[in-house]
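Asks: Pasting a structure here, questions to come.
The values are calculated or read from the model by the stated rules, or taken from the named source; none is laboratory data. Here the structure is a predicted model, which means the values were calculated and not measured. When we count neighbours, we look across all protein chains shown, and the Cβ atoms used for this are built from the backbone with ideal geometry, even at glycine.
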Amino acid sequence: MPSTLDQRMEAAMAALTGPGGAMPLSMVERGGITYPALAVAPPALSYYFAHFCAEHHDKTFLVSGDERLTFAQVYAAADRVARALVAGHGIARGDRVGIAMRNSPAWIALYMGILMAGGVATLLNGWWQSGELAAAIGDVDCRLVCADAPRAQRLAEAAGVSARVVAIDDRLPLDQALGGITAAGGDPQTALPMLTADDHATILFTSGSTGQSKGALSTHQAVCQATFNYLANAVMMLNLTTEDGIAPTGQPCTLLNVPLFHVTAEVPVMLQSFAMGRKLVLMPKWDAEEAMRLIEREQVSYFVGVPLMSFEILTHPNRANYDLSTVTDFAAGGAPRPVEHVRRIKEEMGGGSPLIGYGLTETNGVGCGNFRDNYIAKPNSTGPASRPLVDLAILDGAGRPVAQGERGEVSIRSICNFTEYWGKPDATRAAFTDDGYFLTGDIGYLDPDGYLFIVDRKKDIIIRGGENISCQEVEAALYELAAVAEAAVFGLPDDRFGEVPGAVVHIRAGAIADVETLCEFLSTRIAAFKVPRKIWIAADPLPRLGTEKIDKVAIRNAYRARYVAETQPA
């Protein structure tokens with residue numbers, strides 16, 4: 001039976017998006033399918049930036065160390081970037097421009113400027129090693145890449161990088177940091193394109209069961225609609241708290257403590273902040289005590305990160321030394337949050353409520369949400385489909401809906417979904433049903449109230465603290481070492497990250513390789529977070545199925561049990 005909060009949210013969203021509401025719905029057609037859309041959303045992000053940076057021009061937008069920048073200052077910097085990209089760097093509509101940097105004001109101004117110039121903001125994983133960066137840049141044919149010093153060095157060491165790399169010193173104040181881009185030319189008379197909803201906007205990279213990162217391309221319409229779907233939910237909750245007499249006061253503020261190349265940081269954190277006039281406090285590197293210091297100093301009102309982050313605050317020995325009472329919600333995404341953590345956040349964090357969201361790179365972060373008391377009541381659910389744009393279905397192997405309560409593949413249809421995997425038409429076709437549902441690769445079921453419970457994973461991936469790791473990618477890296485005859489990679493349970501990679505390796509007859517050799521070899525080829533926490537050397541060939549494929553399920557189950565036994569306290 002729907003909870004009281006469910007009923008109130010349903011009524012509030014209906015009033016908000018219905019005729020005469022502040023965010024009415026319209027219907028739009030894409031690819032022969034009709035979708036609901038929020039009529040107030042602009043067609044492209046360039047107009048979104050211009051409107052809300054003008055509306056909030058004098059408010060503080062970015063705080064990074066000692067640097068404090070207003071919306072107007074950041075927009076002016078982005079405008080200079082856009083005109084320099086067009087006039088000085090020759091960026092044309094649809095050209096891919098990469099960003100390979102840590103979180104910084106320069107990252108955000110570059111993202112804005114690339115989009116305003118008509119380019120496609122291509123968000124490169126800052127943790128990747130040289131080969132991974134080069135492969136992604138080549139895969140989507142980037143014309144230009146903006147890189148901070150560590151990433152620029154990795155690209156200099158990589159073979160076959162065709163894109164021109166511009167070094168960005170993000171340690172400098174914003175205008176100086178952007179000098180490598182803006183010095184190339186451009187002025188206020190340089191014409192910028194008038195973008196449409198169908199123009200390409202972003203490429204984010206996702207790891208799937210194939211083992212190769214794929215560039216998920218989204219249009220301006222998809223990203224704008226995803227942003228406004230988040231805004232509709234924020235306005236809905238604001239209306240409810242106002243009814244209850246506890247409306248927030250002052251400028252909203254959140255930490256930017258997850259990487260901007262992740263969809264969570266890009267859409268619900270960064271992009272949503274423009275419309276809200278929200279202050280973003282940047283953390284280049286996660287540290288729980290520094291986060292608490294910033295929450296107190298900047299009066300942070302909303303916290304979001306992977307579940308590990310709020311748990312580290314919850315259990316920090318110095319938590320009592322900081323005033324965290326301004327935080328209304330401790331939100332999480334990217335990985336499940338243990339049930340016990342949900343209860344403890346509610347009871348021990350000084351008033352902030354737990355919240356969890358479920359979405360994917362391919363859905364621009366939009367999917368489900370479980371709010372406050374509803375999350376306490378159903379702590380192992382991701383919540384119902386996110387109002388008002390998401391159509392959620394549980395499908396069988398033939399793409400047919402299963403009966404309520406039965407398990408199937410979680411599938412999402414909305415105007416917010418990505419368009420294609422760049423240059424991979426077969427993978428794109430396989431990702432969608434004929435009637436437009438994106439197949440997430442997660443297995444779940446819906447309860448009678450429409451709440452989603454995820455119970456398994458169809459794709460061969462590990463989710464380490466919100467970061468997706470392809471098992472096949474790590475296996476492929478292991479097979480590059482001639483001594484490796486067979487390898488199987490799988491997830492191991494971990495209290496801190498949820499799960500971490502583990503591997504079993506069989507060495508070729510006559511070859512010599514130990515665990516240290518394997519780890520050192522991998523560290524030169526894949527990002528550190530992908531290197532297995534534990535590697536077992538198997539004396540015998542790995543067990544196989546009747547099809548002669550390695551029996552990953554049996555290996556995973558056996559070694560997970562072994563790992564738990566090995567790591568339990570004596």
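Asks: Mind listing whichever residues of segment 477-513 are in contact (Cβ under 8 Å) with a residue 40 or more places away in the chain, in a loop (DSSP other than H, G, I, E, B) and touching a strand residue (DSSP E or B) at 6+ places or on another chain (Cβ under 8 Å)?
Replies: The one that is in contact (Cβ under 8 Å) with a residue 40 or more places away in the chain, in a loop (DSSP other than H, G, I, E, B) and touching a strand residue (DSSP E or B) at 6+ places or on another chain (Cβ under 8 Å): PHE497.
Asks: Among the strands (runs of 3 or more DSSP E) contained in segment 12-117, which hold 3 or more residues that are among the hydrophobic types (A, V, I, L, M, F, W, C) and more than 16 Å from MET276 (Cβ to Cβ)?
Replies: Hits in segment 12-117: 25-30, 96-100.
Asks: On to the next question. Among what's in segment 460-481 and is of a type in the set (D, E, K, R) and crowded, with 18+ Cβ neighbours inside 10 Å, pick the residue that is farthest from ASP391 (Cα to Cα).
Replies: GLU475
Asks: Can you tell me which residue is surrounded by the fewest Cβ atoms within 10 Å (Cβ to Cβ) among those in segment 325-380 that are of a type in the set (S, T, N, Q) and more than 19 Å from the chain's Cα centre (by Cα)?
Replies: Filtering first and then ranking leaves SER325.
Asks: Now, a different point. For segment 347-401, which strands (runs of 3 or more DSSP E) that fit wholly inside it have 3 or more residues that are under 25 Å from TYR35 (Cα atoms) and among the aliphatic types (A, V, I, L, M)?
Replies: Because the criterion is at least 3 residues that are under 25 Å from TYR35 (Cα atoms) and among the aliphatic types (A, V, I, L, M), the strands (runs of 3 or more DSSP E) in segment 347-401 that meet it are 391-395.
Asks: Something else: What is the one condition in (1) of a type in the set (A, V, I, L, M, F, W, C); (2) closer than 26 Å to ALA222 by Cα; (3) at pLDDT below 95 that MET283 does not satisfy?
Replies: All conditions are met except number (2).
Asks: Tell me which residues, restricted to segment 132-165, are part of a strand (DSSP E or B) and either surrounded by 20 or more Cβ atoms within 10 Å (Cβ to Cβ) or out of contact with any His (no Cβ under 9 Å at 6 or more places or on another chain) (or both).
Replies: LEU144, VAL145, CYS146, ALA147, VAL165
Asks: Okay, moving on. Could you grab the pairs with beta carbons closer than 9 Å, sequence gap of 6+ or different chains, first residue in segment 106-125 and farther than 23 Å from ARG171 by Cα, second one of a type in the set (Lys, Arg)?
Replies: Matching pairs, first to second residue: MET116/ARG83; ALA117/ARG83; ALA117/ARG93; GLY118/ARG93; GLY119/ARG93; GLY119/ARG96; GLY119/ARG143; VAL120/ARG96.
Asks: Check ARG533, ARG544 and return the single one that is of a type in the set (Lys, Arg) and touching a residue at least 24 places away in the same chain (Cβ under 8 Å).
Replies: Going through ARG533, ARG544 in turn, just one is of a type in the set (Lys, Arg) and touching a residue at least 24 places away in the same chain (Cβ under 8 Å): ARG533.
Asks: Here's something else I'd like to know. Kindly provide the set of residues from segment 223-264 that are in contact with a Gly (Cβ under 9 Å, 6 or more places away or on another chain), over 23 Å from MET13 (Cα atoms) and either surrounded by 19 or more Cβ atoms within 10 Å (Cβ to Cβ) or free of Cβ contacts under 8 Å to residues at least 12 places away in the same chain (or both), ordered by number.
Replies: Once the filter is applied, which keeps residues that are in contact with a Gly (Cβ under 9 Å, 6 or more places away or on another chain), over 23 Å from MET13 (Cα atoms) and either surrounded by 19 or more Cβ atoms within 10 Å (Cβ to Cβ) or free of Cβ contacts under 8 Å to residues at least 12 places away in the same chain (or both), segment 223-264 yields LEU255, ASN257, VAL258, PRO259, LEU260, PHE261, HIS262, VAL263.
Asks: Can you pull out the residues in segment 66-93 that are free of Cβ contacts under 8 Å to residues at least 12 places away in the same chain and within 26 Å of the chain's Cα centre (by Cα)?
Replies: Hit for segment 66-93 is ARG68, nothing else.
Asks: Still on this structure, I have one more. Just for segment 293-321: of the residues that are buried (at least 21 other Cβ atoms within 10 Å of the Cβ) and out of contact with any Ser or Thr (no Cβ under 9 Å at 6 or more places or on another chain), which one is farthest from ILE463 (Cα to Cα)?
Replies: Per the stated criteria, the residue is ILE313.
Asks: Still on this model: Surrounded by 24 or more Cβ atoms within 10 Å (Cβ to Cβ) and modelled with pLDDT of 95 or more, is that true of MET194?
Replies: Here the answer is no, as MET194 does not meet what is asked.
Asks: With a cut-off of at least 2 residues that are of a type in the set (Lys, Arg), name the helices (runs of 4 or more DSSP H) lying wholly within segment 185-299.
Replies: Of the helices (runs of 4 or more DSSP H) lying wholly inside segment 185-299, those with at least 2 residues that are of a type in the set (Lys, Arg) span 288-298.
Asks: Conditions: (1) at pLDDT 90 or above; (2) acidic (Asp, Glu); (3) more than 23 Å from the chain's Cα centre (by Cα). ASP551 meets all but one. Number of the miss?
Replies: (1)
Asks: How many of the residues making up segment 421-467 are of a type outside the set (Asp, Glu) and assigned to a strand (DSSP E or B)?
Replies: Looking only at that region, the number is 19.
Asks: Inside segment 96-131, can you point out the residues that are under 29 Å from PRO425 (Cβ atoms), crowded, with 21+ Cβ neighbours inside 10 Å and more than 17 Å from the chain's Cα centre (by Cα)?
Replies: ARG96, VAL97, ILE114, LEU115, ALA117, GLY118, GLY119, VAL120
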